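Here the structure comes first, spelled out in structure tokens, and everything after it is commentary.
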Amino acid sequence: MKNPVVHFEIGCRDSEKTRKFYSKVFGWNISKNAFSLDIDTNSEKGIQGHITSLGHEPHNYITFYIEVDDMDKYLESIKEEGGEVVVGPVALPTGERFAWFKDMDGNIVGIATPKV
């Protein structure tokens, strides 16, 4: 299976302030959903994302998500190679699952499974 980058996320303390910034600077359409602010970059190129204010650390972060077909298999491989699972796996109401891991340098990256 190929593992494309399928989504990005911008973490912040103040989601409305962050929404205004990215909307004004880049002309992105940003709309509220139940959990976050969805970003539509108005482009066929690239990927779409969302803005989240978690209400706890980490407040400021940017991460990207890699699509995988077997969440548990990849999380095990991440641990075997010296990475660390820091969040999840988490099941979303939409049918997707995600997890965050730290690589060998401490970078936080997400993995996600598509809707079933």
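The values are calculated or read from the model by the stated rules, or taken from the named source; none is laboratory data. These numbers were taken from a predicted model, which means no experiment stands behind them. Here the Cβ is made from the backbone with ideal geometry for all residues, glycine too, and neighbour counts use every protein chain on show. Protein only, heavy atoms only, side chains kept; ligands, DNA and RNA dropped before computing areas. Shrake-Rupley method; radii C 1.70, N 1.55, O 1.52, S 1.80 Å.
Points worth noting:
- Scanning segment 1-30 for residues that are among the small types (Gly, Ala, Ser) and either over 22 Å from residue 99 (Cβ atoms) or open to solvent by 60 Å² or more (accessible area, probe 1.4 Å) (or both) gives 15, 23, 27.
A quick yes/no check of all residues on (1) open to solvent by less than 90 Å² (accessible area, probe 1.4 Å); (2) in contact with a helix residue (DSSP H, G or I) (Cβ under 7 Å, 6 or more places away or on another chain):
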position: 32; (1), (2): no, no
position: 38; (1), (2): yes, no
position: 59; (1), (2): yes, no
position: 66; (1), (2): yes, no
position: 75; (1), (2): yes, no
position: 85; (1), (2): yes, yes
position: 101; (1), (2): yes, yes
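- Cβ pairs under 9 Å, 6+ apart, first in segment 46-61 and under 8 Å from residue 13 (Cα atoms), second part of a loop (DSSP other than H, G, I, E, B) and modelled with pLDDT under 85: 53/59
- Selection from segment 87-98 of residues that are part of a strand (DSSP E or B), open to solvent by less than 70 Å² (accessible area, probe 1.4 Å) and out of contact with any helix residue (DSSP H, G or I) (no Cβ under 6 Å at 6 or more places or on another chain): 87, 88, 90, 98
Results for (1) in contact with a Cys (Cβ under 9 Å, 6 or more places away or on another chain); (2) β-branched (Val, Ile, Thr); (3) within 17 Å of residue 87 (Cα to Cα), shown as yes or no for each residue.
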{"residue": "18", "(1), (2), (3)": "yes, yes, no"}
{"residue": "26", "(1), (2), (3)": "no, no, no"}
{"residue": "29", "(1), (2), (3)": "no, no, no"}
{"residue": "44", "(1), (2), (3)": "no, no, no"}
{"residue": "55", "(1), (2), (3)": "no, no, yes"}
{"residue": "59", "(1), (2), (3)": "yes, no, yes"}
{"residue": "68", "(1), (2), (3)": "no, yes, yes"}
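- Residue ID - nearest to residue 40 (Cα to Cα), chosen from residues in segment 1-25 that are in contact (Cβ under 8 Å) with a residue 60 or more places away in the chain and not in a strand (DSSP E or B): 4
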